[in-house]
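Q: Take a look at this one; I'll ask things after.
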Amino acid sequence: MKPTTRLLTAAIALLLLSATGREPRLRKIFNGRDLQGWTVTQGADQWTVADGQLLVRNNAERKGSILWTEKRYRNFILQADFRMGDGTVDSGFFLRAESDQIQIGISGSLKRDLTASPYIPGKGYPVEARVADILRPADWNTMKVRVVGKAYTVWLNGREAMSYTSSTIPEAGPVGIQLHPKNEMSIRFRNIRLAELP
């Protein structure tokens with residue numbers, strides 16, 4: 001399929017979604033029992049599942065780790081609940097590759113909370129989400145990310161927080177969850193769901 005055809009298909013899909021006012025059904029990609037359907041780059045002991053939740057906590061080596069879906073995606077909506085734990089939380093979702101990440105928690109470079117902002121290696125944070133009045137640091141939060149082509153939009157707790165068009169995001173790839181290296185931290189995730197878009 002040519003790039004122009006793909007863009008036209010994505011645009012039509014977005015128009016249909018807005019016309020009907022409905023989004024496709026989100027399906028579980030985390031079963032709440034184990035890591036079936038996911039793969040860990042290193043430090044598998046840093047990822048544990050209990051009571052329907054994914055607990056991410058660094059080990060003594062603090063080398064960091066990424067949990068990737070085994071499946072690859074093109075256009076999709078990802079939605080998950082997260083709750084920040086102890087330490088300096090620096091996590092987030094990778095979109096199709098490590099080249100595009102949606103931050104959760106404190107930026108290691110800027111030393112402040114940039115939740116819902118895109119991080120691009122070599123570019124830093126090209127757009128900063130304004131979520132100070134939306135984010136609930138001590139409670140569960142719901143993040144939704146819609147990725148269509150090179151554009152993505154993030155909602156936090158039901159409010160749009162940021163939109164960005166990336167020059168680095170690949171056409172397809174897995175979804176990842178990051179545990180940043182060198183930190184002492186923990187974060188929990190639950191209700192990780194995804195809907196594929198045309």
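The values are calculated or read from the model by the stated rules, or taken from the named source; none is laboratory data. All of these numbers come straight from a predicted model, not from anything done at the bench. Neighbour counts run over all protein chains shown; Cβ positions are idealised from the backbone, glycine included.
Q: Considering only residues that are within 27 Å of residue 111 (Cα to Cα) and over 15 Å from the mean Cα position of the chain (by Cα), which ones fall in the range 167-198?
A: Answer for the range 167-198, where residues must be within 27 Å of residue 111 (Cα to Cα) and over 15 Å from the mean Cα position of the chain (by Cα): 167, 168, 181, 182, 183, 184, 185, 186.
Q: I'm trying to understand the selection: among the residues of the range 42-82, which are among the polar types (S, T, N, Q) and part of a helix (DSSP H, G or I)?
A: 46
Q: Being basic (Lys, Arg), in contact (Cβ under 8 Å) with a residue 40 or more places away in the chain and not in a strand (DSSP E or B), is that true of even one residue in the range 164-182?
A: Yes, the range 164-182 contains at least one residue that is basic (Lys, Arg), in contact (Cβ under 8 Å) with a residue 40 or more places away in the chain and not in a strand (DSSP E or B).
Q: Quick one: how many residues across the range 63-83 are closer than 14 Å to residue 102 by Cβ and within 11 Å of the chain's Cα centre (by Cα)?
A: 5
Q: Further question: When the residues of the range 97-143 are filtered to those that are hydroxyl-bearing (Ser, Thr, Tyr) and surrounded by 13 or more Cβ atoms within 10 Å (Cβ to Cβ), which remaining residue is farthest from residue 156 (Cα to Cα)?
A: In this case the residue turns out to be 99.
Q: Name the residues in the range 139-154 that are hydrophobic (A, V, I, L, M, F, W, C) and closer than 13 Å to residue 93 by Cα, would you?
A: Here is the first cut: in the range 139-154, the residues hydrophobic (A, V, I, L, M, F, W, C) are 140, 143, 145, 147-148, 151, 154.
Of everything in the range 139-154, those that are hydrophobic (A, V, I, L, M, F, W, C) and closer than 13 Å to residue 93 by Cα turn out to be 143, 145, 147, 154.
Q: Within the range 45-81, take every residue that is modelled with pLDDT under 95 and among the small types (Gly, Ala, Ser) and give me the one that is surrounded by the most Cβ atoms within 10 Å (Cβ to Cβ).
A: Result: 64.
Q: Next question. So, residue 154, is that one touching a residue at least 60 places away in the same chain (Cβ under 8 Å) and closer than 20 Å to residue 79 by Cα or not?
A: In short, no.
Q: When you scan the range 130-157, how many residues do you find that are within 14 Å of the chain's Cα centre (by Cα), closer than 23 Å to residue 183 by Cβ and aliphatic (A, V, I, L, M)?
A: 4
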